[in-house]
Amino acid sequence: MPFSEEQNLMRASCRAFVDDTVIPFIRQNWQREWVMTPENRLPDSILQGADKIGIRTLGVPEEFGGIELESGAEVQTFALIAEEIARGDSGLADKLVQNWKVSVLLRNLAPRHLQEIWFSRLVADPQFLLAHCLTEPRGASDRWLPYNVPEAAMQTRAVKVGDHWVINGRKQFISNGYDAGLYVVYANTNPKVGMLQGTSSFLVPRDTPGLTVARCNETMGCRFMNNGELVFEDMRVPEDHLLVENDALGKAGVYFRPGKIIQASKNLGVGVRAFEVTSDYVQNYVQGGRTLIKHQAVALRLADMATRIEAVRALLGRAAQAVDDNAADADTLCNMVKVFASEEIMKVAQHAMELHGGNGVMLDFGVEKIFRDAAIFLHMDATADISKLKIVKSMFPATAGKYAGAEG
Ligand SMILES: Cc1cc2nc3c(=O)[nH]c(=O)nc-3n(C[C@H](O)[C@H](O)[C@H](O)COP(=O)(O)OP(=O)(O)OC[C@H]3O[C@@H](n4cnc5c(N)ncnc54)[C@H](O)[C@@H]3O)c2cc1C
């Protein structure tokens, strides 16, 4: 489907921001991602720049000062912008898209008075970040398989005491976990039932007593997003901070469907950047008396890169449309594109690195960063194998969708 005028305008201003600000910053400051004080890695001016062009608060309702996108095309627009930003820097894209995804969740599930408070803070402060906390040390991937049994439930527990919920547990690998101002936290509220019936979600402000940000994970790629670990010790949240009681995982579809599309789009942006720098390099770098592209083996690899990128783009367009249309196969397509993008773009990044020869592995040259960033996508938002199992589960719910352990 052709882009609307709004989509074209947003893409153009985003591309200008990436070309004029983000890419020059990354190229001139290649050491910056390795600064070991996470809060000092990305200068404030980058998120301020994102704010200026209106891409920081996508998903926030207009009445709270956000940018509301054309209805029926919201997810496709998310995809477009996420790709553009990730073409500049995938970690920056991670930072921003968490705000969009969690905003969609909040506008669907949070009580109005809390939307008013938190959307206002998000809109007012360009450095404000949101985070979504599911993964725990003893469970992540299995959550999404048919193991809907008490023993697979979350270890983080929430218990109602008077007019508060008391939460104990920990979360790991959380995007923006190190520096978010507001967290959505999932916890078990009924240990006797399966996790689909016994998991609740809560809003947790950063300054809640009992919440400790235990560490920032030093990831191999996407390093401008500060991934964090959280510990909850008798953390008390008021009862109105409960978002969904007991069937929170089912209700999280409003987060996960756009989430998978955005994930694949960021991944595509990394692939597009790989292709840009590589096609430029092979047409300028001379080896064996000829520019590289004249060597047929080089040309073949370039063709392979371009074909994989187009295949990801095609599936992405189809999946994003399915989510916007609320189509019956949207879940299946979301998982397909998330896993397909991660594997195809990894291969694209490998070609990029190899076609750059020795330069491809030098930190200051910048191409190895693309390879590192691409590798992260294999692990985010479910592993490749779990994503594939989910595809089959959604296609064959009566057989693949049944817990193998319970029935033998
Ligand atoms: C950069 C980054 C950002 C992230 N951001 C967030 C976030 O914002 N919020 C959040 O909640 N989580 C986040 N995660 C966590 C992410 O969703 C998990 O890493 C992912 O779901 C895999 O879980 P795990 O790391 O515990 O791997 P594990 O579940 O321990 O998997 C290890 C291996 O075993 C396989 N495996 C595990 N269980 C099964 C099974 N039952 N059947 C078959 N194979 C299995 C997996 O496929 C994998 O190969 C993030 C992760 C990364 C790397």
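The values are calculated or read from the model by the stated rules, or taken from the named source; none is laboratory data. Given the structure is predicted, the values throughout are model-derived calculations rather than measurements. Quick reminder, even Gly has a Cβ in these numbers, built from the backbone with ideal geometry, and neighbours come from all protein chains shown. For the accessible areas, the whole protein counts, side chains as well, though only heavy atoms, and no ligand, DNA or RNA atoms are used. Shrake-Rupley method; radii C 1.70, N 1.55, O 1.52, S 1.80 Å.
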Practice task
Evaluate E = 1/(1 + (r/R0)^6) for residue 214 and residue 287, where r is the Cβ-Cβ distance and R0 equals 35 Å; express this FRET efficiency to the nearest 0.05.
Solution key: 0.10
Exercise for the section: Could you tell me what percent of the accessible area of the chain is made up of carbon and sulfur, with a 1.4 Å probe and every protein chain present? Expected result: 54 percent
Problem - Length gained when the stretch residue 314-residue 329 is fully extended (0.36 nm per residue, less Cα-Cα span) - result: 3.8 nm
Exercise for the section: Along Cα→Cβ, 7 Å out, is where each label goes; now give me the distance between the ones at residue 108 and residue 9 in nm to one decimal. Expected result: 2.8 nm
Exercise for the section: Just tell me which aspartates and glutamates come within less than 19 Å, Cα to Cα, of residue 388; anything on the same chain fewer than 8 places away is out. Expected result: 142, 329, 331, 343, 344
Exercise for the section: Using a 1.4 Å probe and counting only protein heavy atoms, arrange 67, 391 so the residue with the most accessible area comes first. Expected result: 67, 391
Problem - Label-point separation, residue 365 to residue 240 (7 Å along Cα→Cβ), nm - result: 5.8 nm
Exercise for the section: Please give every one of the aspartates and glutamates within straight-line cross-link reach of residue 95, meaning a C-alpha to C-alpha distance under 17 Å, and leave out same-chain neighbours fewer than 8 residues apart. Expected result: 33, 39, 44, 51, 83, 84, 125, 179, 218, 229, 373, 381
Problem - Violating pairs (Cα-Cα greater than 25 angstrom) within the set 52/369; 160/260; 266/369; 52/347 - result: 52/369; 160/260; 52/347
Fill in the blank from the handout: With only helices counted (DSSP H, runs n ≥ 4, each -39500 (n - 2.57)), the per-residue ellipticity at 222 nm for the chain, to the nearest 500, works out to -15500 deg cm²/dmol
Completion exercise
Label model pair residue 124, residue 28: point-to-point distance (7 angstrom along the Cα→beta-carbon line) in nm is 3.3 nm
Fill in the blank from the handout: antiparallel share of DSSP beta bridges within the chain, to nearest 5, in %, is 80 percent
Fill in the blank from the handout: Rounded to a whole number, the Stokes-Einstein D of the chain in µm²/s (Kirkwood radius over Cα pairs; 37 °C; 0.692 mPa s) is 150 µm²/s
Handout entry: Accessible area of region 188-284 divided out per residue, in Å², using a probe of 1.4 angstrom
Key = 35 Å²
